[in-house]
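So the structure is just underneath, and the comments pick up after that.
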Amino acid sequence: MAALLNKEIRDLLADPASVKVLATVDEAGLPHVVVRQSLQVGDDGNLLYTELLESSRTNKNLVRSIWYDKQVSIAIQGPQGQSYQIRGVPVKTHITGPLFQKHYTEVRRKLGDVDLAAVWIIEPLEVINENFAVRKAEEEKNHPFLKHLDRLAQH
Amino acid sequence: MSLALVKKRETELSLSEVVEKYPDVPRLIALKIDAQRRGVHYTERALKTVDDTVQMRSPYLFGSRDGEIKPLPESILLRDGTSILTDPTPLEQNPYLVDLVDGRLALVDGDETVEFIELWPKPLYYDKQTSSGIPMSHIVSARPQRLNIFQSSYCHFWADKKECRFCDIVNHTKQQKNELGVPSRLKPQDVSETIREALKEPGRFTGMCLTAGSVLKGEQIFDHEVDFYIETLQAIGENFTTKKFPSQLISSAFNEKQLARLYEQTGLMSYTSDLEVLGEKLFNWICPGKAESVGYQEWKQRLIRAVDIFGRGNVGTGLVGGVELAQPSGFTNEQDALASTLEEAESLAAHGVTTVYIVWVPRPGSYFRDQQNPSLEYFVQLARGLHNLRVKYGLGVDFDDYRHCGNHPDTDLSRLI
């Protein structure tokens, strides 16, 4: 079932100062990770990724994912250290049509003489809060054994 | 559907069974093959959703399954960007339905909604005419990312009744000329104007394909055919800033001198000459004109020599996949047919020639009109076999892949290479 991307995540994805990373896997299960600032939220609430290179490993892995229902992962880090992971599955590839042409024109306006291989639509399935403060509080609450004793010692 | 066909289909594996048996062929590609094999029928409520942004059926070399020319959507797109070129098919032949399900178009089989689909968008140039007053869609037809230039729809093998047995090109040419006014021979100027207009639409096209029937005339056989292609390609080339442009020619088997002329005098980047069926005995039966004019072995040699001119990964041959099982002289067993076809395809791959296939659909205007095409399982095995040969021999097929053609289930798999 699709996960909802809340306002904070949408804002992070739209913020040019955020770092966005897309992780896919190949046929052997080996991860392939790339920084991709073009990741954004589409009008339908799904993630949208513009792939410029038909021959890229990411593109091939995305094809494999849509063919075999494999998940991909997106990591976002905001300028104030906010950190989220979104797991999702590619559900559609646009290689023609108005959405494709809109992004084709846009990437060429921004980047010059480049091509656009596809516009990928990724349905988010799970959002994981990777903020350190949140994760630390979770661990201390749920796993009280997982700490070094000297942190608790009387000095 | 005839009783014999019903009984045959009942013994074949279903789509889901084939997908389970061959997990390395994705379900969407197996579905594409099945939709091509069986055809589609658009329901009335599906057709009510079609507006003028949709590409309707354009002039084409070959006729449709029902022998009619009707204003129906050209074809369909799956959610992964795969094109399915397929014909409107009479209901009695058990096609997939294209129906409206929950407000969306879908491929439906019986009670099952198999997959949601979209229709091809119409390119902007389709609404324009050339300066000579011909609709541009009659000069150059479109696929989602490819331009088709069918510059002459007459094949001279038909003159001596030596046409390829699966082909209906001449009968369909007459029908298109009579019913639509499609010119049977294109003028290079019209082609150039249309290409110029097509290129104005950003991001729409990645390649073009020229093809036509065989022309035997000339000092050497096919010289006039070569002359016509050179003239047309040079006219097209006026629209590009580079000498070479992504392009494919599917033609008769030209000799080295002819191929060199094409390569040196035009912007052409790849060359395909269809053997149609692999194996000399079947070639002689199914393609009598090609057999008599050039012969199977020499056709293969011309393909191999083309690699020296166009480069490895830029030369191919096309098959009408499944026609090797046509009766009475074809294989009677699908496994034997597959083994033989792949063995021959491997001999070509070893020399840098890639083999691709289209799904054979017996057409009413062809000699083989009463034949039956093979099972889905056969076509799936053929797709993976040809794909695996490309992997084994390191053969790219960019010039004939899902964007630059979209009609070969085997090259759809090359998206993973």
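The values are calculated or read from the model by the stated rules, or taken from the named source; none is laboratory data. Just so you know, these numbers come straight off a predicted model, no measurement behind them. Reconstructed Cβ throughout: ideal geometry from the backbone, glycine too, with neighbour counts over all protein chains shown. SASA here: full protein model, heavy atoms, side chains in, ligands and nucleic acids out. Shrake-Rupley method; radii C 1.70, N 1.55, O 1.52, S 1.80 Å.
Solvent-accessible area of B:ASP109, all protein chains in place: 50 Å² (probe radius 1.4 Å, heavy atoms, ligands and nucleic acids excluded).
For chain B, a Gaussian network of Cα nodes joined below 10 Å ranks B:ASP99, B:ASP111, B:ASP52 by mean-square fluctuation, and the top entry is B:ASP111. Treating r as the C-beta distance of B:LEU91 and B:SER184 and R0 as 41 Å, the FRET efficiency rounds to 0.80.
Using only alpha-carbon positions, what ratio does the radius of gyration of region B:24-126 give when scaled by 2.2 N^0.38 Å?
My calculation over the Cα atoms of region B:24-126 gives 1.02.
Placing R0 at 30 angstrom, the Cβ-Cβ distance between A:ALA137 and A:LEU4 gives a FRET efficiency of 0.85 after rounding to 0.05. Per residue, the Cα convex hull of region B:126-168 amounts to 105 Å³. For region B:17-44 and region B:371-417, what is the separation of their C-alpha centers, rounded to whole Å? Comparing the Cα centres of region B:17-44 and region B:371-417, I get a distance of 14 Å.
Note on region B:213-349: the C-alpha convex hull projects to 8.4 nm² when averaged across all orientations. Charge tally around A:PRO90: other residues with Cβ under 10 Å, Lys/Arg +1 each, Asp/Glu -1 each, net +1.
A simple spin-label model places the labels of A:GLN85 and B:ASP52 5.2 nm from each other, with each point 7 Å out along Cα-to-Cβ.
Order B:HIS138, A:HIS155, B:HIS351, A:HIS103 by their accessible area, 1.4 angstrom probe, all chains in place, largest first.
Largest to smallest exposure gives the sequence A:HIS155, B:HIS351, B:HIS138, A:HIS103.
What the phi angles of region A:147-155 give under the Karplus curve with 6.51, -1.76 and 1.60, with θ = phi - 60°, is a coupling list of 8, 7, 4, 4, 5, 9, 6, 7, 10 Hz, glycine and proline written as x. Can you tell me what percent of all Cα-Cα pairs in the protein assembly as shown are more than 43 Å apart? When every Cα pair of the protein assembly as shown is considered, 23 percent fall beyond 43 Å. Amide H contacts under 5 Å for B:ARG146: B:THR206, restricted to partners 5 or more places along the chain or on a different chain, H placed in the peptide plane at 1.01 Å from N.
Taking 0.36 nm per residue of sequence separation and removing the Cα-Cα distance, the A:ASP11/A:LEU30 pair yields an extension gain of 3.8 nm. Cross-link check: pairs A:LYS20/A:LYS102; A:LYS20/A:LYS92; B:LYS32/B:LYS161; B:LYS48/B:LYS200; B:LYS70/B:LYS161 evaluated at a Cα-Cα cut-off of 24 Å; pairs beyond the cut-off: B:LYS32/B:LYS161; B:LYS48/B:LYS200; B:LYS70/B:LYS161. Karplus-derived 3J(HN,Hα) values for region B:38-55, using 6.51 cos²θ - 1.76 cosθ + 1.60 with θ = phi - 60°, are 9, x, 10, 10, 7, 6, 4, 6, 5, 5, 5, 7, 6, 10, 7, 8, 8, 7 Hz; glycine and proline are entered as x.
On region B:261-362, 47 percent of the accessible area sits on carbon and sulfur atoms, based on a 1.4 Å probe. Rg and Dmax of chain B, based on Cα coordinates, read 20.2, 62 Å. Taking label points 7 Å from Cα along the Cα-to-Cβ direction, A:SER55 and A:HIS148 give a separation of 5.0 nm. Taking Cα centre as origin and charging only the Cβ of basic (Lys, Arg, +1) and acidic (Asp, Glu, -1) residues, the dipole magnitude of the protein assembly as shown rounds to 880 debye.
Annotation: for a label point projected 7 angstrom from Cα along Cα→Cβ of B:ASP24, no residues of region B:343-357 have a backbone N closer than 13 Å.
Straight Cα distances below 17 angstrom link B:LYS187 to the aspartates and glutamates B:GLU197, B:GLU225, B:ASP227, B:GLU231, B:GLU238, with same-chain residues fewer than 8 positions distant left out.
Per the Cauchy relation, a quarter of the hull surface: what is the mean projected area of the convex hull of the alpha carbons in region B:335-417, in nm²? That works out to 6.1 nm². Taking a Cβ cut-off of under 12 Å around A:ILE121, the surrounding Lys, Arg, Asp and Glu residues balance to a net charge of -3, with basic ones at +1 and acidic ones at -1. Taking amide H as placed 1.01 Å from N in the peptide plane, the amide H of A:LEU125 sits under 5 Å from that of A:ALA3, A:ARG87, A:GLY88, A:VAL89, each at least 5 places away or on another chain. For chain A, modelled as a GNM whose springs connect Cα atoms under 10 angstrom apart, the maximal fluctuation among A:GLY78, A:GLY97, A:GLY45 occurs at A:GLY97. Indicate, rounded to the nearest 5 percent, the antiparallel portion of the DSSP beta bridges found entirely in the protein assembly as shown. Antiparallel: roughly 70 percent of the beta bridges in the protein assembly as shown. Here region A:7-153 yields Rg over Rh of 1.07, to two decimals, using C-alpha coordinates and the Kirkwood radius.
Remark: region B:236-288 carries 38 Å² of accessible area per residue (probe radius 1.4 Å; ligands, DNA and RNA excluded).
Placing unit charges on the Cβ atoms of the charged side chains and taking the dipole of the protein assembly as shown about its Cα centre, the candidate lying farthest along the positive direction among B:LEU97, B:ASN333, A:PHE132 is A:PHE132. Here region A:7-153 is assigned +1 on the Cβ of each Lys and Arg and -1 on the Cβ of each Asp and Glu. Its dipole about the Cα centre then comes out at about 140 debye. Note on B:PHE310: accessible area is roughly 10 Å² with a 1.4 Å probe, heavy atoms of protein only.
For the pair A:VAL21 and A:ARG109, what calculated FRET efficiency results from E = 1/(1 + (r/R0)^6), where r is the Cβ-Cβ distance and R0 = 25 Å, to the nearest 0.05? Once the sixth-power term is evaluated, E becomes 0.55.
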